[in-house]
1. Mind checking which pairs have a first residue in region 80-99 that is open to solvent by less than 80 Å² (accessible area, probe 1.4 Å) and a second that is modelled with pLDDT of 95 or more, Cβ under 6 Å, 6 or more apart or different chains?
2. Do we have L71 as buried (at least 17 other Cβ atoms within 10 Å of the Cβ), under 30 Å from L178 (Cα atoms), at pLDDT 90 or above and of a type in the set (A, V, I, L, M, F, W, C) here?
3. Please note which strands (runs of 3 or more DSSP E) are completely contained in region 130-176 and include at least 3 residues that are open to solvent by 20 Å² or more (accessible area, probe 1.4 Å).
4. Does I208 meet the test of being more than 16 Å from K63 (Cα to Cα) and surrounded by 14 or more Cβ atoms within 10 Å (Cβ to Cβ)?
5. Among the residues of region 116-128, how many are open to solvent by less than 30 Å² (accessible area, probe 1.4 Å) and either more than 14 Å from H55 (Cβ to Cβ) or in contact with a Leu (Cβ under 7 Å, 6 or more places away or on another chain) (or both)?
6. On the given criteria, is S37 at pLDDT 50 or above, within 30 Å of P117 (Cα to Cα) and among the polar types (S, T, N, Q)?
7. Among the residues of region 133-153, is any within 15 Å of N48 (Cβ to Cβ), touching a Phe, Trp or Tyr at 6+ places or on another chain (Cβ under 9 Å) and hydroxyl-bearing (S, T, Y)?
8. Is there any pair linking a residue in region 173-202 that is farther than 29 Å from E93 by Cβ to one that is assigned to a strand (DSSP E or B) and acidic (D, E), with Cβ under 8 Å and at least six apart or on different chains, and which?
Amino acid sequence: MKTMNLIAICSFLIMTWACSHTDLPEEEIQTEATNFSFRLEQESTSLNGLELVKHAVIAEQLKTRRTISKLKEAIRAGKRHLLPQLEAAQQKEADIEIYKESLTMIVRPKAPYPPRPPRGCFNDPQANCGIPKINLKEYPSIELARGLEHIQVEIYNAKNQLVGRGSSLTKSKDGSILMYIKSELNGEGTLKIKPQSKVVDEGLFLDIPVYAK
């Protein structure tokens, strides 16, 4: 009788173990895979080059439009000597608009940060467009989409001293194009992007607020 009880207990334990290791339904497996993929994406240490440039373009266009508005007001008040400055600012805005159009043809890279500009900002920079402040300590590289490989990146501190720049390009294991950032920034600063595009003036720089702490 004891032997029968022992066999029954063993059988029960084996069945319990088997049930606990039953394969997950296909839907649950897909959910787990999706969550894992999402976690990997969130752990990226690369900045999204295309979205970074878009934020910079929006900021620079807003700044240029404010400059144009102030110059027009001053010229209407009789300061005609400011006309060359107005023409230069208007040309800069035209360059930015052409460059914005060229960005729409570029495929977005995988890196998740910074987030995409708020909806409507790219077409109307005055539509509540906040620019993310980036901690360079957390993001030592920029993932570049094809078409952005020739941008130049420089980092300046609060005293406008050059304290860092983007290094030469490398390829990651998954084939992504990465530009590593070499910087000695401590505190607040500015990351300047030079597009190096045929459609814009060579002197155009785009600014993004950054810090390192």
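The values are calculated or read from the model by the stated rules, or taken from the named source; none is laboratory data. Nothing here was measured: the structure is a model prediction, and the numbers come from that model. Heads up, the Cβs are rebuilt from the backbone with ideal geometry, glycines too, and the neighbour counts pull from every protein chain shown. The area values use the complete protein model at the heavy-atom level, side chains included, leaving out ligands, DNA and RNA. Shrake-Rupley method; radii C 1.70, N 1.55, O 1.52, S 1.80 Å.
1. Final answer for the pair search is L82/L71; L82/A74; L82/I75; L86/L71; A89/T67; A89/I68.
2. Values: buried (at least 17 other Cβ atoms within 10 Å of the Cβ): yes; under 30 Å from L178 (Cα atoms): no; at pLDDT 90 or above: yes; of a type in the set (A, V, I, L, M, F, W, C): yes.
So L71 fails the test.
3. On the way: elements: 141-144, 152-157, 162-171.
Output list reads 152-157, 162-171.
4. Values: more than 16 Å from K63 (Cα to Cα): no; surrounded by 14 or more Cβ atoms within 10 Å (Cβ to Cβ): yes.
When the stated conditions are applied, I208 does not pass them.
5. Restricting attention to region 116-128, the residues satisfying the condition of being open to solvent by less than 30 Å² (accessible area, probe 1.4 Å) are 117, 121, 125.
Subsequent filtering for residues that are either more than 14 Å from H55 (Cβ to Cβ) or in contact with a Leu (Cβ under 7 Å, 6 or more places away or on another chain) (or both) retains 125.
Count: 1.
6. On the way: at pLDDT 50 or above: no; within 30 Å of P117 (Cα to Cα): yes; among the polar types (S, T, N, Q): yes.
No: the conditions fail for S37.
7. For region 133-153, residues within 15 Å of N48 (Cβ to Cβ), touching a Phe, Trp or Tyr at 6+ places or on another chain (Cβ under 9 Å) and hydroxyl-bearing (S, T, Y): present.
8. S176/E143; I177/E143; L178/E143
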